[in-house]
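First the structure, in the form of structure tokens, and then the observations on it.
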Amino acid sequence: MSSNGTRPRIAVFKFASCDGCQLSLLDAEDELLAVAEAVEIAYFPEASRRMAKGPYDIALVEGSITTHHDAEAIQRIRRQAKTLVTIGACATAGGIQALRNWHDTAEWVRLVYAKPDFISTLKTSTPIAEHVPVDLELRGCPINKHQLIELISATLAGRKPNIPTYSLCLECKRRGNTCIMVAGGVPCLGPATQAGCGAICPSMNRGCYGCFGPMENSNAHSLASQFRVLGCARDEVERAFRSYNGWAWPFRRVFEEVPRS
Amino acid sequence: MGQTIRIHHVTRIEGHARIDIHLDEAGKVRSTQFHVTQVRGFEKFTEGRPYYEMPAITARICGICPVSHLLASAKACDAVMAVQIPEAARLLRELLHCAQFVQSHALSFFYLSAPDLLLGFDSDPAARNVLGLIEKHPEAARDGIALRRFGQQTIERLAGERVHPAWVVPGGVNKAMSVDTRDLILSDLPLAHSIIRRTLRLFKSMLDQFPAESEVFGNMPTLHAGLVDADGRLQIYDGMVRFIDSAGKTAGRITRPREYAKWIGEAAMPDSYLKAPYFKPLGYPEGIYRVGPLARLNVAESCGTSDADRELLEYRQRLGRVVNGSFFYHYARLIEALYAIERMEELLHLPEILDKHVRAEAGVNSLEGVGIIEAPRGVLIHHYRVNEQGAITGANLIVATGHNNLAINHSVQQVAERFVDGMKLQEGALNRVNAVVRAYDPCLSCSTHAFGKPAYRLRLVGAGGEVIEET
């Protein structure tokens, strides 16, 4: 896999985020030693002072783009990365901080900071793919560490990673849960959300809140209508879709496109 | 011409930040500044969201200790609902929190700081990380991995997920603990207990190797703040915030969470995203105080569990009743991990913890709520204002790294004065500047919740303001 016959080189980069996704790599305790043997961790500031220069075989990118510096840095990273993988809701959809995209960021900065001119922040929090081409993405807030290990192994082996793109409902059914939306009338984003977490919230009698973002070809419009049928006010429906993956287009378009008659 | 050393990306900490070291004409350190350079805006973009969404949203501030934000937020929501949560829920939340202390302290000690302590501050930076540790000290590395896994697995067993779990809710938790889960956690405790005992022995055997670090790693008189119960015992989930001075005398007490603003002021630093809280009665900047493991053990009279209290006694025999050197955060952190493991055992043996009543239901009964807990890094405060419909109209979050902001700045200066000589930039010196920051185990994801992006970087700035070197 590596160009010069040595161990493949992996780098981990972070933009605006909570660190939770890259920590999933350290969380993979049992696999950590095997991964460490199979690859060279060339850049991982959270774990090491060593910062080796590119090119990298795999660049894992966590976080969203929120500053001018970020917007430049991601271009440099793209040039040095053979395979660029975005990990987590911030990198793939802008994350929870993308809620600011619907507000006046400049006004907040003035309200919060004594010398706002020091703060060079962009008006929006945007996913990596709005700035550079992305080869693979791992969803989730946070990502699933087994999916991360699968993705690294698959990339090293030169095959397509086996990551589900179907809806959360399949995982929920497999756990034998009674549908909380059908039977309990609880609004649940599961039908429009990509599987990956193992249906944690519905298993605890809570509606899914979409940590893994929109599934492939999700019918979010129809789900939003169903929330109205269940008695949610329009702004409640809007808030349900506008959370960790709210900036992802399939969720965003529900409220930004002209509603179908 | 003077110079500025700039450390970009302080490494092996959670999040990022930058340190500037300003030199005078002779190349001596004139001043230093610790900057946090990113903000994310949680306090503003949560306005209008219903209060009951806050635990899940604010957990996203930080992937290292999401449980802290979950709990502080849930407590603030309990206050908005004006409910007393069921006893089992209180015990389960504390149990979850103990598990988080173990995993977070294990991460800080083994993954982030042990490479310096066991491999040496001046060792090859290419191997000075957890992988280098696996090679040179496989037994310690295995212990670290196993201890963190124990904490994370317990969180997963209780709450369904390791990062951002959805189990803690306003009014309690949303699922009782099964007997099977209790027994599983109990069966793992002896291993965790023996690992932490072994690690404490290892750390104590190395203490003499770091005379310079003990002396200048933020060794200074400041106030200390932490949660204690009515008998002065260490608390991490509930209690009152006690402030003591550097000699151990009580300086103040926050007995009612809603009165925190009477005691804590927040100053805006000119060029950092991170605000600097200070102890109000003394003003800014004299009201500098520290939080976290070192401060908690200074503030508490005892831990309240037998093995941890034995270790605490020895710690005080070695270092004194009030320990003012920030190098000893590491030592205090290990004693706290031992306390958390012992406390988990106590909690799991309480019959009430299996009770099926785990959640109080209520609507808005108070338009303001404050929740205070001890995050692994120190006191964490969530303060919400809501309208009659329960929508957030204002939020203020004071995170542990914020409380420590002034102390970290002073510590960086102390270390830089001792180890950095502008004429020759030594790797070991730069690493020590990094390492003193790591001693506080700062969480910059948390501290930048307000808006933007952190990255620890180091910058050497000349007397004329020019940047001489950046890393």
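Among the conditions (1) under 24 Å from the mean Cα position of the chain (by Cα); (2) in contact (Cβ under 8 Å) with a residue 60 or more places away in the chain; (3) open to solvent by 40 Å² or more (accessible area, probe 1.4 Å), the only one that B:GLN153 does not satisfy is (2). Taking (1) polar (S, T, N, Q); (2) within 30 Å of A:ARG239 (Cβ to Cβ); (3) outside any strand (DSSP E or B) in turn, A:GLN75 satisfies each apart from (2). Name every residue in segment B:372-410 that is over 18 Å from B:VAL299 (Cα atoms), of a type in the set (Gly, Ala, Ser) and outside any strand (DSSP E or B), in order of residue number. Residues satisfying the conditions are B:GLY390, B:GLY402. Scan segment A:97-139 for residues that are modelled with pLDDT under 95, open to solvent by less than 50 Å² (accessible area, probe 1.4 Å) and part of a loop (DSSP other than H, G, I, E, B) and the total you get is 2. Using the structure shown, decide if B:PHE109 is in a helix (DSSP H, G or I) and over 21 Å from B:LEU186 (Cβ atoms). Taking the combined requirement at face value, the residue satisfies it.
Among the conditions (1) under 23 Å from A:ASN101 (Cα atoms); (2) away from chain B (no Cβ under 12 Å); (3) open to solvent by 60 Å² or more (accessible area, probe 1.4 Å), A:VAL182 misses just one, which is (1). Give the residues of segment A:210-261 that are aliphatic (A, V, I, L, M), assigned to a helix (DSSP H, G or I) and open to solvent by 60 Å² or more (accessible area, probe 1.4 Å), sorted by residue number. A:VAL229, the sole residue that qualifies. The C-beta contact set for segment B:47-62 (first residue more than 9 Å from every other protein chain (Cβ to nearest Cβ) and within 11 Å of B:VAL169 (Cβ to Cβ), second residue open to solvent by less than 10 Å² (accessible area, probe 1.4 Å) and polar (S, T, N, Q), distance under 8 angstrom, 6+ apart or interchain) comprises B:MET54/B:THR46; B:MET54/B:SER73; B:PRO55/B:SER73. Identify all residues within segment A:182-195 that are touching a Pro at 6+ places or on another chain (Cβ under 9 Å) and modelled with pLDDT under 95; write none if there are none. Passing the criteria: only A:VAL186. When A:ARG239 is tested against the conditions (1) within 13 Å of chain B (Cβ to nearest Cβ); (2) in contact (Cβ under 8 Å) with a residue 24 or more places away in the chain, the lone failure is (2).
Scan the strands (runs of 3 or more DSSP E) fully inside segment B:188-280 and keep the ones with 2 or more residues being touching a residue at least 40 places away in the same chain (Cβ under 8 Å) and under 28 Å from B:VAL67 (Cα atoms).
The qualifying strands (runs of 3 or more DSSP E) are B:223-228, B:240-244, B:264-267, B:276-279.
Applying the condition of being at the interface with another protein chain (Cβ under 9 Å from one of its Cβ atoms) and part of a helix (DSSP H, G or I) to segment B:113-134 and asking which residue is surrounded by the most Cβ atoms within 10 Å (Cβ to Cβ) yields B:PRO115. Looking at segment B:136-186 only, could you name the residues that are more than 8 Å from chain A (Cβ to nearest Cβ) and farther than 23 Å from B:GLU352 by Cα? Residues satisfying the conditions are B:LYS136, B:HIS137, B:PRO138, B:GLU139, B:ALA140, B:ALA141, B:ARG142, B:ASP143, B:GLY144, B:LEU147, B:PHE150.
The values are calculated or read from the model by the stated rules, or taken from the named source; none is laboratory data. Nothing here was measured: the structure is a model prediction, and the numbers come from that model. Virtual Cβ from ideal backbone geometry, glycine too; neighbours counted across all protein chains shown. For the accessible areas, the whole protein counts, side chains as well, though only heavy atoms, and no ligand, DNA or RNA atoms are used. Shrake-Rupley method; radii C 1.70, N 1.55, O 1.52, S 1.80 Å.
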